[in-house]
Amino acid sequence: MVEILGVLVSLDIFSEMFCCDLTKCHGACCVEGDAGAPVNMDEVSELEDACDVIWKDLPAKAQQQIEAEGVVYPDRDGDLVTQIINNKDCVFVRYDNISTDGGKTKGPRCALCAIDSAFREGRVKWQKPISCALYPIRIKEIGGSPALNYHRWDICKPARELGKKLNLPIYKFLKEPLIRRFGQEWYDECCIVAEELKKAGYI
């Protein structure tokens, strides 16, 4: 790991290639796994506020789950995560066909984040939980400092293949959410460190 302005970063973040390919994975990360997306306390109110806007975008089962249990629950480790339905789907998932040719024809049916879709449409100002935006990076605390690690998941094989094709390392693919979480100054330093690691032959 290397330290960048108080943040520990795994070398995988610089060396591994990644680019989400919804045409192949169909948004599986939003519906697979045994728990919802990690959230912090500040994000709970954002999720609740977003519900007022996207409520009609959510399936009936998701609406019922939120009405009964709220937008989050504690997982087995006691950490807050978004509610799920059918023991897999995040309650904020909506399904839609994505276009692969600029909107001329409908593409495959994919699981999409209703909050993220509303953000891109200008209906909400908050995009989605930072844990979702940063995936496949996961943040853990080590000695009081945030540590960024690469979470390798079989369902993301298409993303690794596309990332290699585009020669796009994780830190570049996730430029916007990394800036959102740590700031422009931190990201600029991250890019400098990446170049230094390349010159030294570490990546």
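So, restricting to helices (runs of 4 or more DSSP H) that lie completely within segment 163-203, which ones have at least 2 residues that are over 19 Å from the mean Cα position of the chain (by Cα)? Working first, answer last.
Values: elements: 170-173, 175-182, 184-200.
Here the list reads 184-200.
Please specify each residue of segment 182-193 satisfying the condition of being in contact with a strand residue (DSSP E or B) (Cβ under 8 Å, 6 or more places away or on another chain) and under 27 Å from residue 128 (Cα atoms).
182, 186, 189, 190
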Residues within segment 13-48 that are touching a helix residue (DSSP H, G or I) at 6+ places or on another chain (Cβ under 7 Å) and either of a type outside the set (A, V, I, L, M, F, W, C) or in a helix (DSSP H, G or I) (or both), tallied:
10
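Does any residue of segment 146-154 turn out to be of a type in the set (A, V, I, L, M), in contact (Cβ under 8 Å) with a residue 60 or more places away in the chain and in a helix (DSSP H, G or I)?
The answer is no; no qualifying residue exists.
Give me a count of the residues in segment 26-82 that are charged (D, E, K, R), in contact with a strand residue (DSSP E or B) (Cβ under 7 Å, 6 or more places away or on another chain) and farther than 20 Å from residue 96 by Cβ. Let's see the steps before the verdict.
Restricting attention to segment 26-82, the residues satisfying the condition of being charged (D, E, K, R) are 32, 34, 42-43, 46, 48-49, 52, 56-57, 61, 67, 69, 75-77, 79.
Checking the rest, the ones that are also in contact with a strand residue (DSSP E or B) (Cβ under 7 Å, 6 or more places away or on another chain) come to 57, 61, 75, 79.
Going one step further and asking which of them are farther than 20 Å from residue 96 by Cβ, we end up with 75, 79.
The total comes to 2.
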Count of segment 64-94 residues which are surrounded by fewer than 16 Cβ atoms within 10 Å (Cβ to Cβ) and either without any contact (Cβ under 8 Å) to a residue 40 or more places away in the chain or part of a strand (DSSP E or B) (or both):
10
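Just one of 118, 111 is in a strand (DSSP E or B), under 17 Å from the mean Cα position of the chain (by Cα) and not assigned by TED's automatic domain parsing to the domain that holds residue 186; which is it? Show your work before the answer.
Working: 118 fails: in a strand (DSSP E or B).
None of the other options fit; the residue is 111.
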Identify all residues within segment 131-175 that are more than 18 Å from residue 23 (Cα to Cα), β-branched (Val, Ile, Thr) and surrounded by fewer than 20 Cβ atoms within 10 Å (Cβ to Cβ); write none if there are none.
139, 142
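Report yes if residue 28 is crowded, with 20+ Cβ neighbours inside 10 Å and more than 30 Å from residue 192 (Cα to Cα), otherwise no. First the steps, then the outcome.
Working: crowded, with 20+ Cβ neighbours inside 10 Å: no; more than 30 Å from residue 192 (Cα to Cα): yes.
For residue 28, the condition - crowded, with 20+ Cβ neighbours inside 10 Å and more than 30 Å from residue 192 (Cα to Cα) - is not met.
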Which pairs have Cβ atoms under 7 Å, sit 6 or more apart or on different chains, and link a residue in segment 112-124 that is closer than 11 Å to residue 96 by Cα to one that is small (Gly, Ala, Ser)?
112/27
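The values are calculated or read from the model by the stated rules, or taken from the named source; none is laboratory data. This is a predicted model, so every value here is computed, not measured. Methodologically, a virtual Cβ is constructed for each residue, glycine included, from the backbone with ideal geometry; neighbour enumeration extends over all protein chains shown.
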